[in-house]
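The values are calculated or read from the model by the stated rules, or taken from the named source; none is laboratory data. Just so it is clear, the structure is predicted and the values come from calculations on it, not from any experiment. We place every Cβ from the backbone using ideal geometry, glycine too, and count neighbours over all the protein chains shown. All accessible areas refer to the heavy atoms of the entire protein, side chains included, with ligands and DNA or RNA removed. Shrake-Rupley method; radii C 1.70, N 1.55, O 1.52, S 1.80 Å.
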Amino acid sequence: MADLPAWVQVSQALVTPAIAGAVAVIGFLQWRTAHAKIMLDLFDRRWRALQAVSDFYLMLVGHGVKQYDEEIARFHKVRAEVAFLFGTDVQTFVEELHLSAIKMSTHSASAVDAEPEVRRKHIHDAYEVMKAVVNRGQRIEAVFSPYLKMDQKRVRTPAEWFHDRNEFRKSFDDQR
């Protein structure tokens, strides 16, 4: 080894750290790719849940107070899925929508063979619930939109990241 030129010995010593650096960069890029895929998969699942809620809402509005129990029962699966994909705000919203459908169906079924006075009360209550459903439907996009933002637009370069961190560090001191 002693008879090799100095530049060869230095380059041999630098090969191992260079390979380690390349492996670290490749590992980081693979992590970013996997993270982006997970975020896209989550977005797809959330989008399908939003579509199911929107379809259920349109079904409620389309059928009026006469609801179909099979559709309401099928929506329970969507409600369970929403519980694991979104926060409590969306979960509460979907539960209220589902319970409104159950109330409308119950009032509609109870009014069929009831006395005229009781029948009027059930019909009135069912329409009150229907008005609440229509008002709630105007908030669907507002409730879901915070969970459907795709903010992973591009990977920032290391220079951009260091610049942002430096600006953040400077913000703690009034003097520049």
Difference of contour (0.36 nm per residue) and Cα-Cα distance, M150 to Y68: 25.9 nm
Quick one: angle between helix 88-110 and the longest Cα principal axis of the chain, in degrees between 0 and 90, rounded to 10, please. 20 degrees
In nanometres, what is the gap between the two model label sites at K77 and A22, each 7 Å from Cα along Cα-to-Cβ? 5.0 nm
Expressed as a percent, the accessible surface of region 1-77 that is carbon or sulfur, using a 1.4 Å probe and the full set of protein chains, is 69 percent
Angle, helix 69-85 long axis vs. longest principal axis of the chain, Cα atoms, 0 to 90°, nearest 10? 30 degrees
Return one number: the angle in degrees, 0 to 90 and rounded to the nearest 10, between the long axis of the Cα atoms of helix 6-63 and the longest principal axis of the Cα atoms of the chain. 10 degrees
What translational D, rounded to a whole number of µm²/s, comes out for region 1-40 from Stokes-Einstein when the hydrodynamic radius is the Kirkwood one over Cα pairs, at 37 °C and 0.692 mPa s? 265 µm²/s
Can you tell me the accessible area per residue over the chain, all protein chains present, probe 1.4 angstrom, in square angstrom? 72 Å²
For region 1-115, with +1 on Lys and Arg beta carbons and -1 on Asp and Glu, the positive-most of V10, L50, I72 along the dipole: V10
Give me the dipole magnitude in Debye, nearest 20, for region 1-155 about the Cα centre, with unit charges on the beta carbon: positive for Lys and Arg, negative for Asp and Glu. 320 debye
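Could you calculate the FRET efficiency of I102 with T33 from 1/(1 + (r/R0)^6), where r is the beta carbon distance between them and R0 is 45 Å, rounded to 0.05?
0.55
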Hey, quick one: spin label on Q91, modelled 7 Å out along Cα-Cβ, who in region 32-76 has an amide N within reach, i.e. under 17 Å? 46, 49-50, 76
Could you give the length gained on full extension between R169 and V61, defined as 0.36 nm per residue of separation minus the Cα-Cα distance, in nm? 33.6 nm
In terms of the charge dipole of the chain, which places +1 on Lys and Arg and -1 on Asp and Glu at the beta carbon, the residue among G27, I38, A142 farthest towards the positive end is G27
